[in-house]
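Visitor: Just passing along the structure, written as structure tokens.
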Amino acid sequence: MRVVFFGTSHGYPEPHKKCSALMVEVGEKRYIIDMGTDITTDLIDRGLRPECLSAIFITHMHGDHYCGLAPFLNTCNWLYKTTDFALYLPADIKQFSDALEAWLGLRATPIPVRKFDYHKINEGLIYDDGVLKVTAYMTKHCEESYSLLLEAEGKRVLYTGDLSSKHGPEYDFPRAALESKVDLLICEGAHFLATRYMPIFDGCENISRIWITHIKETRVGSIYELMEMLPDKQIVLAKDGMEVNV
Ligand SMILES: [Zn+2]
């Protein structure tokens with residue numbers, strides 16, 4: 001399994017950092033987690049096309065996690081017509097598809113809007129195509145927000161999505177996913193100081209590699225502090241375009 005960071009910024013873009021988007025590759029299969037930015041050019045730059053995607057998962061409906069969907073689904077509507085991905089949203093599916101249809105319907109020369117393969121995210125196992133299994137853990141970042149556990153090729157990757165900004169990660173970190181070894185933990189670094197992760201990470205033998213994304217520049221100092229506090233763990237500040245093999 002390989003994770004490619006398309007966008008590592010927090011609520012809005014920063015220089016050379018787009019809003020949240022990850023690609024997960026397992027063999028020839030590809031999946032997207034969050035789409036706070038249009039990922040079409042990221043795919044094209046890698047010699048890929050949107051048809052390569054099997055599924056897209058959105059952790060919560062804040063613009064920096066889902067607003068790249070509109071331009072992406074636009075090109076899938078008129079150009080990449082044979083895309084066949086499943087689209088998992090923590091949202092009212094009818095409201096989303098009506099809004100998309102209305103937005104695409106503004107086109108000066110209207111064309112019919114395709115029916116995409118929508119699925120509502122709920123807690124628990126949400127996806128299993130025989131290659132990748134995805135389990136959603138509800139968080140308290142907003143009314144409907146999730147962390148996602150990705151399992152493939154005998155490896156486990158946990159992506160926290162956004163966590164509670166009010167209480168910090170102690171409050172809603174998906175600890176249940178840490179009962180077995182997590183080969184890669186991808187954490188958010190925007191809503192609290194990274195050192196607030198200490199009660200979860202310190203002494204936890206099931207975590208050894210921690211990549212921090214969704215990074216707010218004013219929080220970067222606390223990520224370096226966390227690295228000093230946990231010298232035995234690999235802690236990496238993710239940047240747009242970085243890739244990690246799991
Ligand atoms: Zn958010």
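The values are calculated or read from the model by the stated rules, or taken from the named source; none is laboratory data. Owing to the predicted nature of the structure, the values given are computational and were not obtained by experimental measurement. Please note: Cβ atoms are built from the backbone with ideal geometry, for glycine as well, and neighbour counts cover all protein chains shown.
Visitor: I need a count of the residues in the range 21-49 that are crowded, with 17+ Cβ neighbours inside 10 Å and in contact with a helix residue (DSSP H, G or I) (Cβ under 7 Å, 6 or more places away or on another chain).
Guide: Of the residues in that region, 8 qualify.
Visitor: Just give me the residues in the range 145-161 being away from the ligand (no atom under 16 Å from the Cβ) and buried (at least 16 other Cβ atoms within 10 Å of the Cβ), in sequence order. Lay out the reasoning, then the answer.
Guide: As a first pass, look at the range 145-161 and keep what is away from the ligand (no atom under 16 Å from the Cβ): 149-158.
Passing the criteria: L149, L150, E151, A152, R156, V157, L158.
Visitor: Let me ask something additional. Tell me yes or no: at least one residue of the range 92-115 is at pLDDT 95 or above and surrounded by 21 or more Cβ atoms within 10 Å (Cβ to Cβ).
Guide: no
Visitor: Within the range 196-220, restricting attention to residues that are modelled with pLDDT of 95 or more and polar (S, T, N, Q), which residue is nearest to K140 (Cα to Cα)?
Guide: T213
Visitor: Could you check, for the range 40-56, whether at least one of its residues is among the polar types (S, T, N, Q), part of a helix (DSSP H, G or I) and under 26 Å from K239 (Cβ atoms)? Walk me through it before giving the result.
Guide: First pass over the range 40-56, keeping only residues among the polar types (S, T, N, Q): 40-41, 54.
Pick out the ones that are also part of a helix (DSSP H, G or I) and you get 40-41.
Right, trim to under 26 Å from K239 (Cβ atoms) and you get 40-41.
Yes, some residue in the range 40-56 is among the polar types (S, T, N, Q), part of a helix (DSSP H, G or I) and under 26 Å from K239 (Cβ atoms).
Visitor: Touching an Asp or Glu at 6+ places or on another chain (Cβ under 7 Å) and surrounded by fewer than 21 Cβ atoms within 10 Å (Cβ to Cβ), is that true of T218?
Guide: Values: touching an Asp or Glu at 6+ places or on another chain (Cβ under 7 Å): no; surrounded by fewer than 21 Cβ atoms within 10 Å (Cβ to Cβ): yes.
It is false that T218 is touching an Asp or Glu at 6+ places or on another chain (Cβ under 7 Å) and surrounded by fewer than 21 Cβ atoms within 10 Å (Cβ to Cβ).
Visitor: Let me ask you something else. Which of the residues belonging to the range 58-82 are within 16 Å of the ligand (Cβ to nearest atom) and assigned to a loop (DSSP other than H, G, I, E, B)?
Guide: The first filter runs over the range 58-82 and keeps only residues within 16 Å of the ligand (Cβ to nearest atom), leaving 58-69.
The answer is I58, T59, M61, H62, C67, G68.
Visitor: Then there is this: Tell me, please, whether a residue that is aliphatic (A, V, I, L, M) and loosely packed, with under 15 Cβ neighbours inside 10 Å can be found in the range 56-72. Full working, then the answer.
Guide: At the first step, the residues of the range 56-72 found to be aliphatic (A, V, I, L, M) are 56, 58, 61, 69-70.
Subset that is loosely packed, with under 15 Cβ neighbours inside 10 Å: 70.
Yes, that holds for at least one residue.
Visitor: So, in the range 98-144, how many residues would count as being in a loop (DSSP other than H, G, I, E, B), more than 29 Å from G154 (Cβ to Cβ) and either more than 16 Å from the ligand (Cβ to nearest atom) or of a type in the set (A, V, I, L, M) (or both)? Lay out the reasoning, then the answer.
Guide: To start, the set of residues in the range 98-144 that are in a loop (DSSP other than H, G, I, E, B) comprises 105-116, 121-123, 129-132, 140-144.
With more than 29 Å from G154 (Cβ to Cβ) added as a condition, the list becomes 105-116, 140-144.
Imposing the further condition that a residue be either more than 16 Å from the ligand (Cβ to nearest atom) or of a type in the set (A, V, I, L, M) (or both) reduces the set to 105-116.
Of the residues in the range 98-144, 12 are in a loop (DSSP other than H, G, I, E, B), more than 29 Å from G154 (Cβ to Cβ) and either more than 16 Å from the ligand (Cβ to nearest atom) or of a type in the set (A, V, I, L, M) (or both).
Visitor: Moving to a separate point now. Suppose the filter is on the phi > 0 side of the Ramachandran plot and modelled with pLDDT under 95; does G168 pass it?
Guide: yes
Visitor: How many residues are within 16 Å of the ligand (Cβ to nearest atom) and touching a Gly at 6+ places or on another chain (Cβ under 7 Å) when one looks only at the range 191-212?
Guide: Summing the residues that are within 16 Å of the ligand (Cβ to nearest atom) and touching a Gly at 6+ places or on another chain (Cβ under 7 Å) in the range 191-212 gives 2.
Visitor: Could you tell me which residue of the range 162-187 is farthest from the ligand (Cβ to nearest atom), considering only residues that are surrounded by 24 or more Cβ atoms within 10 Å (Cβ to Cβ) and under 18 Å from E25 (Cα atoms)?
Guide: Result: L185.
Visitor: For the range 1-26, how many residues are closer than 14 Å to L43 by Cβ and of a type in the set (K, R)?
Guide: The total comes to 1.
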